[in-house]
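The values are calculated or read from the model by the stated rules, or taken from the named source; none is laboratory data. Owing to the predicted nature of the structure, the values given are computational and were not obtained by experimental measurement. Neighbour counts run over all protein chains shown; Cβ positions are idealised from the backbone, glycine included.
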Amino acid sequence: MDTRLRNLLDYSLDELKVLMKAEGFAPFRGEQVYKWIYQGRDFDEMTNLPKEMRQSMSEKFSSGKLKIFKKLTSELDGTIKYLFDTGDGNLIESVLMKYKYGYTACISSQVGCKMGCTFCASAKCGFIRDLTPGECLGQIIGMNTDNGVTITRVVIMGIGEPLDNYDNIVKFLHLINDKEGLNISYRNISLSTCGLADKIVRLADENLPITLCISLHNPIDEQRSVIMPVNRKYALDKLLDACNIYRLRTNRRITFEYALIKGVNDSQEHASRLVKLIRGILCHVNLIPVNEVSDTGFVTVDREAVERFKALLEKDGINVTIRRSLGRDIEAACGQLRRSAINGEE
């Protein structure tokens with residue numbers, strides 16, 4: 001049985017006003033509470049609320065504030081990796097990255113992951129549960145308040161498959177865009193999926209101008225199915241059909257993420273097949289030297305191999321970038337820090 005208190009960050013402002021009335025308080029109290037929780041404050045810090053109200057609320061609800069279980073700061077580039085405690089014995093990962101244009105947060109969407117991608121540390125610890133909209137917001141608010149910064153860009157690329165937690169993630173997207181809350185533009189949000197084609201089509205109808213990122217990683221069905229079991233249900237033809245639908249309905253450019261693994265997907269044939277697969281779609285390819293995870297046997301490629309693969313794609317007119325690697329000294333890749341904590345490693 002789930003014994004967690006109801007998270008106030010799961011509520012929109014209008015829903016919070018209705019909740020306050022149902023609890024016997026004036027609806028305007030909802031606006032006051034809303035402002036406090038988006039500042040990362042707990043009930044004892046909500047000084048403009050009556051003491052009795054704060055006591056009553058704390059017995060029934062959570063303010064949504066996440067406890068920091070562990071925090072690592074990179075000496076290389078200042079990237080900060082967080083393990084947040086969700087209050088029920090589970091840990092989730094988040095990363096704060098600083099760029100010239102400001103701060104970006106990478107957040108998790110689930111506790112664990114069902115997708116089983118063989119190169120990913122997240123898959124090694126199994127799936128426990130979905131995160132609520134408030135728990136997704138709590139990661140961003142927690143990093144904002146801990147560092148005294150304002151995060152303006154969000155990538156949903158941490159632990160979990162966002163589209164496997166569809167309803168919660170869509171509500172989170174609406175909440176994060178609220179002008180009375182974090183007020184983060186949809187155009188500054190990227191959502192990464194391993195390829196749940198039916199959910200991609202559904203997302204296309206939500207009228208949310210976010211950036212869709214497809215974790216592709218191999219352009220050959222048989223090989224992709226080995227490293228990404230989701231491909232056995234949603235093969236590349238189904239996935240690309242869904243991408244075309246998303247592209248036409250949203251008029252947004254799609255990002256194809258491609259983690260280069262030595263001897264697995266880095267050949268000239270892979271580059272040629274990738275070009276053939278995505279040609280004609282408004283898109284770009286983001287090349288990522290794979291993060292080496294113990295027990296996988298996968299080895300990353302060197303910079304020369306990345307540049308060579310990039311040149312092969314560009315020769316055929318594909319727009320390509322190479323992802324800047326941040327936080328390598330603090331296990332900033334998805335799932336690594338959580339896995340270490342679960343396994344009792346330092």
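Side notes on the structure shown:
- Unmet criterion (only one of (1) touching a His at 6+ places or on another chain (Cβ under 9 Å); (2) under 18 Å from Gly64 (Cα atoms)) for Phe119: (2)
- Condition broken by Gly87, with the remaining ones in (1) assigned to a loop (DSSP other than H, G, I, E, B); (2) at pLDDT 95 or above; (3) surrounded by fewer than 19 Cβ atoms within 10 Å (Cβ to Cβ) satisfied: (2)
- Taken together, the criteria exclude Thr145 from residues that are among the polar types (S, T, N, Q) and either within 19 Å of Leu216 (Cβ to Cβ) or not in a helix (DSSP H, G or I) (or both).
- Single residue of region 57-75 satisfying the filter (small (Gly, Ala, Ser) and not in a loop (DSSP other than H, G, I, E, B)) that is farthest from the chain's Cα centre (by Cα): Ser58
- Entirely in region 173-267, the helices (runs of 4 or more DSSP H) that have 2 or more residues that are closer than 30 Å to Asp302 by Cα and in contact with a Leu (Cβ under 9 Å, 6 or more places away or on another chain): 221-227, 236-250
- Pairs linking a residue in region 65-80 that is assigned by TED's automatic domain parsing to the domain that holds Gly102 to a residue that is of a type in the set (D, E, K, R) and crowded, with 16+ Cβ neighbours inside 10 Å, with Cβ atoms under 6 Å and 6 or more positions apart or on different chains, are Leu72/Lys81.
- Checked against (1) within 30 Å of Val230 (Cα to Cα); (2) in contact with a Phe, Trp or Tyr (Cβ under 6 Å, 6 or more places away or on another chain), Met46 passes all but condition (1).
- Considering residues of region 172-199 that are of a type in the set (D, E, K, R) and without any contact (Cβ under 8 Å) to a residue 60 or more places away in the chain only, the residue surrounded by the most Cβ atoms within 10 Å (Cβ to Cβ): Lys199
- Pairs with Cβ under 8 Å, 6+ apart, first in region 246-271 and within 17 Å of Cys120 (Cα to Cα), second among the small types (Gly, Ala, Ser) and surrounded by fewer than 18 Cβ atoms within 10 Å (Cβ to Cβ): Leu260/Ala305; Lys262/Ala305
- Condition met for Leu96 (assigned by TED's automatic domain parsing to the domain that holds Glu180 and under 25 Å from Val170 (Cβ atoms)): yes
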